[in-house]
1. Evaluate the following for Gln68: is it out of contact with any Leu (no Cβ under 6 Å at 6 or more places or on another chain) and at pLDDT below 90?
2. If I filter the range 7-45 down to residues being of a type in the set (Ser, Thr, Tyr) and touching a Leu at 6+ places or on another chain (Cβ under 9 Å), which single residue comes out as surrounded by the fewest Cβ atoms within 10 Å (Cβ to Cβ)?
3. Write out, first by first residue and then by second, each pair whose Cβ atoms fall under 8 Å of each other, whose residues are 6+ apart or on separate chains, and whose first residue, in the range 20-39, is closer than 13 Å to Ser7 by Cβ while the second is of a type in the set (Val, Ile, Thr).
4. Given Val29, Val11, which one is of a type in the set (A, V, I, L, M), assigned to a loop (DSSP other than H, G, I, E, B) and touching a strand residue (DSSP E or B) at 6+ places or on another chain (Cβ under 6 Å)?
5. Any residue that is over 17 Å from the mean Cα position of the chain (by Cα) and part of a helix (DSSP H, G or I) - is there at least one of those in the range 37-59?
Amino acid sequence: MSPPSKSSVVVSPRGQITLPSVLRKRLGVKAGGIITLEERGGEIVLRPAAVLEIEIYSDAEIADWDAQDNLEESIRAKLQQKLSKRS
């Protein structure tokens, strides 16, 4: 792991900043890349982010899976209860 580095950047009138090229190269941040921003204890933390594609399933696909599901109702209810506690 590289030692931490400090840089000063200027905030534009539109609130934009430019990340130093050395830092972008070291962290693999490319043009159009996604960065996450987190406020943490009065500091701003920027991290490279990964974007994953999400599949959207149709109601027909979901209904088909439900039809193929052979779980007993008691087991299905227990699973749904566990999943609802996570949200």
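1. Numbers: out of contact with any Leu (no Cβ under 6 Å at 6 or more places or on another chain): yes; at pLDDT below 90: yes.
So Gln68 fits the description; yes.
2. The initial filter retains those residues of the range 7-45 that are of a type in the set (Ser, Thr, Tyr), namely 7-8, 12, 18, 21, 36.
Still in the list and also touching a Leu at 6+ places or on another chain (Cβ under 9 Å): 7, 36.
Numbers: Ser7: 8, Thr36: 10.
The selected residue is Ser7.
3. Pairs that qualify, where the first residue is closer than 13 Å to Ser7 by Cβ and the partner is of a type in the set (Val, Ile, Thr), are Pro20/Val9; Leu23/Val29.
4. Values: Val11 fails: touching a strand residue (DSSP E or B) at 6+ places or on another chain (Cβ under 6 Å).
When all the criteria are applied, what remains is Val29.
5. Checking the range 37-59: at least one residue is over 17 Å from the mean Cα position of the chain (by Cα) and part of a helix (DSSP H, G or I).
The values are calculated or read from the model by the stated rules, or taken from the named source; none is laboratory data. Bear in mind that the values here come from a model prediction, so they are computed numbers and not experimental data. Virtual Cβ from ideal backbone geometry, glycine too; neighbours counted across all protein chains shown.
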